[in-house]
Amino acid sequence: MRITSRSNPRIRLARRLLRRRGREMSDRWLVEGVRPLEEALRHGTAVETLFVTDDALRQDRVAALVEAARQAGAVAYEVPAELLVEVSDAQTPQGVVGIVLAPTRSAALPADPNPWMLVVDRVQDPGNLGTLCRTALAASVTCVALLHGTVDPGNPKAIRASAGAVFGLPITQLSGEELVAQVKRQGIRLVTADLAGERSIYDIDWTGPTALVVGNEAAGPSELLKDASDELVRIPMPGPAESLNVSVAAAVCLYEGVRQRFLAVE
């Protein structure tokens, strides 16, 4: 099937999903690019609609994606390149965009015998959030908790930056107060990365039930979380840099956890 009109209802829906309000009202996300859509399908996310250009369909990988999506119940539409641009926020569209049902997000932390969590406190840049999710998936975290004030994980830029990792992670969305109450109730140690941290990330034990907190790009973690933390930790920086990007800092901390939790030799 082919769509050529920008007034088509499916195209109008896709344009609405470029905005957070549109995503919240419809409970759907707009996903752009082959890899994120492949990951959405691999993790069982319901892909409802695909828009694909003629040129993209000539690529074997895109053709395979479209066939897999159709087998899973999606409806695919061929669209001219100039129409696809209207439902894309990428500087260089990849020729395929999909509408998917938004993954379920809970306000409760999942039960786990040894939780290994990432808490994201008011991070504003969708590229940073996507990178955080991609690293979290690679580090085998059991949950990503997004605190109120954090950018929407369904932002198309966040989805692209995550390379589809947002579809493979249990995600909770809750307030700082709710998070503190739940981690205390479940016996999860709250470890907050902060420039004023008292101990190095290499001097603490990451092997037990742990939630790593990273904060807003400019302000860092909230006072509520710092006050509630069991550990305030810092990343040693012997060079003259004042700080690290939040996604880089989280990766450094998470991979010290990976070293201790998964790679330590008995």
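The values are calculated or read from the model by the stated rules, or taken from the named source; none is laboratory data. Since we're looking at a predicted model, the values are computed, not measured. Glycine also receives a Cβ, built like all others from the backbone with ideal geometry; neighbour counts cover every protein chain displayed.
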* To do: Confirm whether Leu212 is buried (at least 18 other Cβ atoms within 10 Å of the Cβ) and touching a Cys at 6+ places or on another chain (Cβ under 7 Å).
  => yes
* Asked: List the pairs whose first member sits in segment 129-157 and is acidic (Asp, Glu), whose second member is surrounded by fewer than 20 Cβ atoms within 10 Å (Cβ to Cβ), and whose Cβ atoms are under 9 Å apart, counting only residues at least 6 apart or on separate chains?
  -> Asp152/Arg20; Asp152/Glu24
* Asked: Is it the case that segment 244-263 has a residue that's in a loop (DSSP other than H, G, I, E, B), surrounded by 12 or more Cβ atoms within 10 Å (Cβ to Cβ) and assigned by TED's automatic domain parsing to the domain that holds Val120?
  -> yes
* Asked: What are the residue pairs meeting all of these: first residue in segment 7-23, first residue closer than 18 Å to Val75 by Cα, second residue basic (Lys, Arg), Cβ atoms under 7 Å, and 6 or more apart or on different chains?
  -> Leu17/Arg23; Leu17/Arg28
* Would you point out the residue of segment 69-80, among those that are in contact with a helix residue (DSSP H, G or I) (Cβ under 7 Å, 6 or more places away or on another chain) and hydrophobic (A, V, I, L, M, F, W, C), that is farthest from Asp55 (Cα to Cα)? => Ala72
* Look through Leu84, Leu57 and report the one residue that is surrounded by 20 or more Cβ atoms within 10 Å (Cβ to Cβ) and in contact (Cβ under 8 Å) with a residue 12 or more places away in the chain. => Leu84
* Quick check, is Leu179 of a type outside the set (Gly, Ala, Ser), modelled with pLDDT of 95 or more, closer than 20 Å to Leu254 by Cβ and buried (at least 17 other Cβ atoms within 10 Å of the Cβ)? -> yes
* To do: Those residues that are crowded, with 19+ Cβ neighbours inside 10 Å and more than 17 Å from Glu177 (Cα to Cα), I need them from segment 102-122; list them, please.
  => Pro103, Pro115, Trp116
* Pull up segment 132-175, narrow it to residues that are part of a helix (DSSP H, G or I) and β-branched (Val, Ile, Thr), then point me to the one that is nearest to Ile188 (Cα to Cα). => Thr135
* Answer residue from segment 65-80, given it is surrounded by fewer than 13 Cβ atoms within 10 Å (Cβ to Cβ) and free of Cβ contacts under 8 Å to residues at least 24 places away in the same chain and is nearest to Thr45 (Cα to Cα) among those -> Gln71
* Structure fact -> Checked against (1) more than 22 Å from the chain's Cα centre (by Cα); (2) part of a loop (DSSP other than H, G, I, E, B), Tyr202 satisfies every condition except (2)
* Extreme residue, surrounded by the fewest Cβ atoms within 10 Å (Cβ to Cβ), among residues of segment 215-243 that are touching a strand residue (DSSP E or B) at 6+ places or on another chain (Cβ under 7 Å) and in a strand (DSSP E or B) -> Arg234
